[in-house]
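Below is one structure, written out as structure tokens; comments come after it.
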Amino acid sequence: DNQGTDVTYVPSDDDIANGSVTFTFEVNSCNQASDLMVVTFTPEPQVNAGTDITVCSSEISAPLGGLISGANNTGVWTTNGSGSFSPNDQDLNAQYIFSSADVTNQIIEIYLTSTDVGNCIAVTDTLILEIFPQGTVSVGDDITTCDNAPEAEVSATINGGDEILWSTSGTGSFTPSNTSITATYVPGAEDLLNGSVNLTATVTNSCNLASDFLTLSFIDGPEA
């Protein structure tokens, strides 16, 4: 109903696309008194904090590159970490200088929020910063098994990073999986024919992809 002194207008998509709409209010007086009011629609903020970032702990900082459009192109960076922004948290191309606690936590969220949005609701976008540490890994001494009981248990001791991947130079498999710290290697037929196989453990979320290997050798089983 467009009659009365207190009504609500719901703008259409065309109104918003045009950027404004003009309202005319008339009264049923002999001089047809009227007045105009223009409502302007502020463009909704569009915020892009950028793609997720992976850096090495030795790099000290991570480069940011945010994009904001709409009524304004200003924003502010915040984080759930404890680092700082250089030169400041309002520079869309700031550097995030991570703290020692950030390095320990490894995964940090960084947020970019639009500012000076007028009567719009502020919009926030998030990127994930993953800080890989320098890693070390040790798989221990070489192993020898008998070819009639060739399976071997392997175990890695890691530091810096917590994701490991076992690989083999042969055709066997790891159980329960090749991402378990301790696993059992089940040799393939070619492994037994070759007489030995190299088993390598790699810390996949370390800066240096730290790795170590051992040689699993097979001796002939007893015959009766």
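Listing for the model above:
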| quantity | calculated |
| --- | --- |
| Selection count, region 56-73, where residues are under 30 Å from Ala17 (Cβ atoms) and not in a loop (DSSP other than H, G, I, E, B) | 3 |
| Which listed residue, of Val21, Val38, Val76, is free of Cβ contacts under 8 Å to residues at least 60 places away in the same chain, surrounded by fewer than 10 Cβ atoms within 10 Å (Cβ to Cβ) and not in a helix (DSSP H, G or I) | Val38 |
| Some residue of region 108-118 being of a type outside the set (Lys, Arg) and free of Cβ contacts under 8 Å to residues at least 12 places away in the same chain | no |
| Matching residues in region 97-110 - criterion: being in a strand (DSSP E or B), open to solvent by 60 Å² or more (accessible area, probe 1.4 Å), out of contact with any Asp or Glu (no Cβ under 9 Å at 6 or more places or on another chain) and of a type in the set (Val, Ile, Thr) | Ile97 |
| Within region 1-18, tally of residues that are of a type in the set (D, E, K, R), open to solvent by 80 Å² or more (accessible area, probe 1.4 Å) and either closer than 30 Å to Tyr96 by Cβ or modelled with pLDDT under 80 (or both) | 2 |
| Search result, residues across region 111-136 that are over 21 Å from Thr54 (Cα atoms) and either in contact with a helix residue (DSSP H, G or I) (Cβ under 6 Å, 6 or more places away or on another chain) or buried (at least 16 other Cβ atoms within 10 Å of the Cβ) (or both) | Thr113, Ser114, Val117, Cys120, Val123 |
| Residue match in region 73-83 (condition: more than 14 Å from Leu112 (Cα to Cα), modelled with pLDDT under 90 and hydroxyl-bearing (Ser, Thr, Tyr)) | no |
| Those residues of region 175-196 which are over 13 Å from Phe218 (Cβ atoms), open to solvent by less than 30 Å² (accessible area, probe 1.4 Å) and not polar (S, T, N, Q), in sequence order | Ala183 |
| Tally, over region 197-221, of residues that are hydrophobic (A, V, I, L, M, F, W, C), open to solvent by 50 Å² or more (accessible area, probe 1.4 Å) and part of a strand (DSSP E or B) | 2 |
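Okay, residues lined up against (1) more than 19 Å from the chain's Cα centre (by Cα); (2) surrounded by 14 or more Cβ atoms within 10 Å (Cβ to Cβ); (3) of a type outside the set (Val, Ile, Thr):
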{"residue": "Phe25", "(1), (2), (3)": "yes, no, yes"}
{"residue": "Pro43", "(1), (2), (3)": "yes, yes, yes"}
{"residue": "Ala62", "(1), (2), (3)": "no, yes, yes"}
{"residue": "Gly83", "(1), (2), (3)": "no, yes, yes"}
{"residue": "Gln95", "(1), (2), (3)": "no, yes, yes"}
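The values are calculated or read from the model by the stated rules, or taken from the named source; none is laboratory data. All values derive from a computational prediction rather than experimental measurement. Positions of Cβ are generated from backbone atoms using ideal geometry, with glycine treated the same way; all protein chains shown enter the neighbour counts. The accessibility values were calculated without ligands, DNA or RNA, using every heavy atom of the protein model including side chains. Shrake-Rupley method; radii C 1.70, N 1.55, O 1.52, S 1.80 Å.
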